[in-house]
1. Let me spell it out: the conditions are (1) assigned to a helix (DSSP H, G or I); (2) under 18 Å from residue 155 (Cβ atoms); (3) modelled with pLDDT under 95, and residue 7 meets all of them except one. Which number is the exception?
2. Please go through the range 49-66 and pick out each residue that is assigned to a helix (DSSP H, G or I) and loosely packed, with under 15 Cβ neighbours inside 10 Å.
3. Going by the conditions given, is residue 166 within 23 Å of residue 24 (Cα to Cα), surrounded by 24 or more Cβ atoms within 10 Å (Cβ to Cβ) and not aromatic (Phe, Trp, Tyr)?
4. Let me confirm something: among 46, 109, which residue is under 22 Å from residue 179 (Cβ atoms), in a helix (DSSP H, G or I), at pLDDT below 95 and of a type outside the set (A, V, I, L, M, F, W, C)?
5. Between a residue in the range 177-204 that is within 28 Å of residue 58 (Cα to Cα) and any residue that is hydroxyl-bearing (Ser, Thr, Tyr) and in a helix (DSSP H, G or I), which pairs come within a Cβ distance under 7 Å, given they are 6 or more apart or on different chains?
6. Listed residues 201, 206, 222; which is modelled with pLDDT of 90 or more and either touching a Leu at 6+ places or on another chain (Cβ under 8 Å) or hydroxyl-bearing (Ser, Thr, Tyr) (or both)?
7. Which numbered condition in (1) of a type outside the set (A, V, I, L, M, F, W, C); (2) modelled with pLDDT under 95; (3) buried (at least 18 other Cβ atoms within 10 Å of the Cβ); (4) in contact with a Gly (Cβ under 9 Å, 6 or more places away or on another chain) is the only one that residue 83 fails?
8. Which count do you get for residues in the range 258-268 that are without any contact (Cβ under 8 Å) to a residue 12 or more places away in the chain and either in a helix (DSSP H, G or I) or among the basic types (Lys, Arg) (or both)?
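The values are calculated or read from the model by the stated rules, or taken from the named source; none is laboratory data. In this text the structure is predicted, and so the values were computed from the model without any measurement. Cβ placement follows ideal geometry from the backbone for every residue including glycine, while neighbour counts extend to all protein chains displayed.
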Amino acid sequence: MIVVYVLWGSTYLAIRITVETMPPLLSAALRFAVAGLVLAVVLRLRRGPGALRVDRRQLGSAALVGVLLLTAGNGLVVLAESGPPGVAVPSGIAALLLATVPLLVVLLRSATGDRPPIWTFAGVTLGFVGLILLMLPGGSSAAVPLLGALTVVAAATSWSVGSFLSGRIRMPADPFVATVYEMMAGALVLVALAAGRGELADFHPAAVSTRSWLALGYLMVAGSLVAFTAYVWLLHNAPISLVSTYAYVNPAVAVALGALLVAEPITPQVLLGGAVIVAGVALVVTTERPRRAGTGSRSGDTPERDRQ
């Protein structure tokens with residue numbers, strides 16, 4: 001749990017450092033392509049020639065989820081955190097906005113006929129009140145750029161749809177195999193989008209700072225391989241109610257690291273809005289414990305997979 005808490009919480013800051021001197025979508029594509037390749041090689045070596053075998057339907061499902069989670073979900077976060085001061089979203093704010101994923105998944109469940117308990121809806125309402133407080137113009141408006149904040153909300157929405165669908169369509173049975181195809185599909189679409197934005201033509205490796213290269217390496221290893229492996233292990237060996245707590249611990253870690261290491265502002269508005277969001281998520285997770293005990297890997301924690 002400490003690995004998932006700290007490493008996933010720190011990825012928001014690592015993204016911010018990566019995009020200081022590296023094109024945003026291209027950096028995300030490199031991250032997932034390398035991580036997916038390494039995971040594929042490990043699976044092939046440990047399990048033999050048929051380790052990555054899936055049928056066409058499973059491949060298509062994994063590719064769709066990968067595009068929703070990694071291309072749209074992570075890609076929009078990377079874009080939101082890039083840009084000059086006053087335009088880019090601070091890493092801690094991005095983490096707080098993405099904490100709404102469990103709340104959005106509850107709404108998707110309700111729209112498809114599920115009936116979550118009343119306290120789940122109370123948590124959703126509370127979380128969205130916090131979201132509004134965080135995005136309201138005011139004394140901290142410079143710390144929470146509206147366009148960037150809306151971009152992260154769009155990312156959270158895409159991540160929620162991907163998480164929701166992944167438990168309802170035919171995916172590869174092994175979550176590690178599914179992750180390989182998700183990462184590769186997400187990386188391919190990210191490369192295409194990066195090319196469309198002119199990032200490939202403008203990319204000069206020598207112009208990327210050592211700091212950004214190290215941050216990208218950290219995202220590949222710590223965020224996409226180590227933390228995810230720990231997360232999958234926890235899903236099979238720990239109560240889902242415990243695993244789910246990452247959804248409100250990660251934002252606290254991200255805000256603290258952003259403030260301590262790169263002096264991101266923590267204003268009263270950020271504290272209030274963030275606290276209300278986290279309280280809403282905590283209420284949803286607590287209320288959902290009995291319902292989630294046997295739901296499987298992705299819907300149990302309204303999962304945000306890797307990521308970021």
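1. Result: residue 7 passes all but (2).
2. Listed by number, the residues that qualify are 56, 57.
3. No, not satisfied.
4. Testing whether each residue is under 22 Å from residue 179 (Cβ atoms), in a helix (DSSP H, G or I), at pLDDT below 95 and of a type outside the set (A, V, I, L, M, F, W, C) leaves just 46.
5. Final answer for the pair search is 186/71; 189/71; 190/71.
6. Among 201, 206, 222, only 222 is modelled with pLDDT of 90 or more and either touching a Leu at 6+ places or on another chain (Cβ under 8 Å) or hydroxyl-bearing (Ser, Thr, Tyr) (or both).
7. (3)
8. Total meeting the criteria: 1.
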